[in-house]
Amino acid sequence: MAVDTLFTGGPIRTFDPENPWVEAVGVTDGRIAYAGPAADAPSASRTVQLEGRLLSPGVADTHNHLLLGFDDLAVSLDQVQSLDVVRSRIAEFAETHPELDWICAENALYSVVEGRRPNADDLVGVTDRPVFITTYDQHSVWLNRPALAKLGILNGGDIAWGNPEIDPSTGEPTGWVTDFYTSAMTIDGLAELQRDIPMYSPDRRYRKIVNSLEMAARSGITTVVEPQVPLAELDLFARAEREGKLTSRTIAAIYHPVGADGDFRRRITDAIRETPQHERFKLGPVKLYADDVIEPHTAAMLEDYANRPGHRGHTSLEPTEFQKLFVELDRLGYQVHTHATGDWGIQLTLDSIEAAQRANGVRDARHGIVHVECLAPQDLARFAELGVVAAMQPRHASPDLVAGTWMENVGEARWDRAWRFKSMIDSGARVTFSSDWQVGEMDPLIGLYSAMTRARLDGSDAWTTDERLDLDRALQAYTLGGAEAFHHEGGLGAITVGALADLVVWSGDLYAMEPAELLEQQADLTIVGGAAIHDARGEMGGVAVAARSQDPGGAGQSCGEPAGDASHGAHGHDHAHGGGHAHAH
């Protein structure tokens, strides 16, 4: 036997329980043809010498908002702590872009004005053009007075993509808009955004997808799940497939707005039936929201917020209505991934999955709960009991992101409920890790570091350390865990003979490093279906595999087939500007 490519000369972690570590891996026709001792390895047309570097299965980033990648015609406010800096950046951008009718900005912090939410008055004098700013979690928008006037909000008008906040003392809009992301992805909300806000034009949204996928390839990500795609934007992914831009396998979850009816669900069914399932693209689960987010006190909590007595947030629907909707989606055969951050939101979702099993029978649906930020102790064991996937983001447990608002809102007495990675895995639950890009950095090495330390990137202020993981279990959640979340084990997520050859060669042996050293590493080689989509050292030709066009993409099996923008930061990493936190989407 001869193989196309042989990898040898370094540690190879397979995540195959029968053969967990091997010395050599051979690839032929896009699949693993050999995994075993180097002495028994077949001859090969090409040999990649690992030189001590780790080879692992490719990363599955199972919650990555490709559609939210950074906009090249918007101001980045990532990690900006000062209102003065916000004002100066917007003013400078407006001055250098006189051709733009709107000035758009991204990733503002809620805390940029101490003690309160920002408002339109904070932007007076910056520019006379309308300003549209999204927060880092995409759940709120900040507008100036010209924007309020342009959108008709000053005159008491409504918008379909959010709820304008009204000052109770004056009855005037403040410039703050809540419930943005869930409303913006509805049919009416997206249509209004595309009509009024240039940042939401199809071409700019498409550029975000392409830039995000390029970053994914550089980061060692071989499968990416876009967790919230409106039906109206499915054509952007069809365009990316036609143009050969889908380098990583891409799964799109279809957003189901709160209140959508049976006609909408029939449209989902039609879209799944009519959308071609290509080698790099498939439609995945349906996305629901059980609640909102903790920072603005809108996530649903079982007890009062620590700093707001008498307030527990709210569920997205009245609980019996939410449960009825979930049972119906399960009856129709959909896999459902539900955003739930507060302990009441999580509990409601678990109750709804249990109700669906009673009503429709138990099947291996692998419904997912996304984020699982604040988990009540009595609900921990239910994930394994009900076969529920916990889709979690390690970076969001970092004090870089949760110190202050999140910690204060939840209260120290409930910090032991926060992002229970180790407890969840120990309970036997399926856990998959992801980035929540661009709310958090896309780089999985940052996620691994965060799972291992629960500290800031500078190593300080580690908290809730009982929930730390070792590297092996964290990496498994990024690889095999991601495959299992979508029923792809056997074909993806582990290096076994017959599996698809989706692999990553890291720049060093991650297992021989302290956690902080991971932040200095990168993916040297990212391989999908046996072909390089990122090749930092030119080991497999130095270019991404050719697709149907001259752009990256191309050969490989369907991402659902079982077998049985610029880089930011040092050391080649995409240490992206995502300063937010997973409560977002």
I need the full set of residues from the range 279-298 which are at pLDDT 95 or above and of a type in the set (Gly, Ala, Ser), in order please. ALA290
Out of the range 316-350, which residues are in contact with a strand residue (DSSP E or B) (Cβ under 8 Å, 6 or more places away or on another chain) and of a type in the set (D, E, K, R)? ASP330, ASP343
Log entry, pairs with first residue in the range 378-401 being under 16 Å from ALA474 (Cβ atoms), second being at pLDDT below 95 and part of a strand (DSSP E or B), beta carbons closer than 7 Å, six or more apart or on different chains, reads GLN393/GLY440; ARG395/GLY440; HIS396/GLY440
Can you tell me which residue among ALA365, ALA384 is closer than 29 Å to ALA494 by Cβ, small (Gly, Ala, Ser) and not in a helix (DSSP H, G or I)? ALA365
Is there a residue in the range 58-67 that is more than 30 Å from THR134 (Cα to Cα) and out of contact with any Cys (no Cβ under 9 Å at 6 or more places or on another chain)? yes
For the range 126-192, please list each of the strands (runs of 3 or more DSSP E) lying entirely inside it that holds at least 2 residues being under 23 Å from PRO202 (Cα atoms). 131-135, 141-143
What strands (runs of 3 or more DSSP E) lie completely within the range 204-314 and have 2 or more residues being polar (S, T, N, Q) and closer than 27 Å to TYR334 by Cβ? 221-229
Filter result (in a loop (DSSP other than H, G, I, E, B) and within 20 Å of PHE433 (Cβ to Cβ)) within the range 369-381: VAL372, GLU373, LEU375, LEU380
Taking the range 303-326 and keeping residues farther than 30 Å from ARG273 by Cβ and crowded, with 19+ Cβ neighbours inside 10 Å leaves TYR305, GLY313, THR315
I'm checking my understanding of the structure. Among residues of the range 437-463 that are at pLDDT below 95 and not aliphatic (A, V, I, L, M), which one is farthest from ASP509 (Cα to Cα)? GLN438
Condition (residue is over 27 Å from GLU408 (Cα atoms), polar (S, T, N, Q), modelled with pLDDT of 90 or more and surrounded by 15 or more Cβ atoms within 10 Å (Cβ to Cβ)) applied to the range 165-176: is it met by at least one residue? no
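The values are calculated or read from the model by the stated rules, or taken from the named source; none is laboratory data. These numbers come from a predicted model, not from an experiment. Neighbour counts are summed over all protein chains in view; Cβ atoms, including those assigned to glycine, are modelled from backbone coordinates with ideal geometry.
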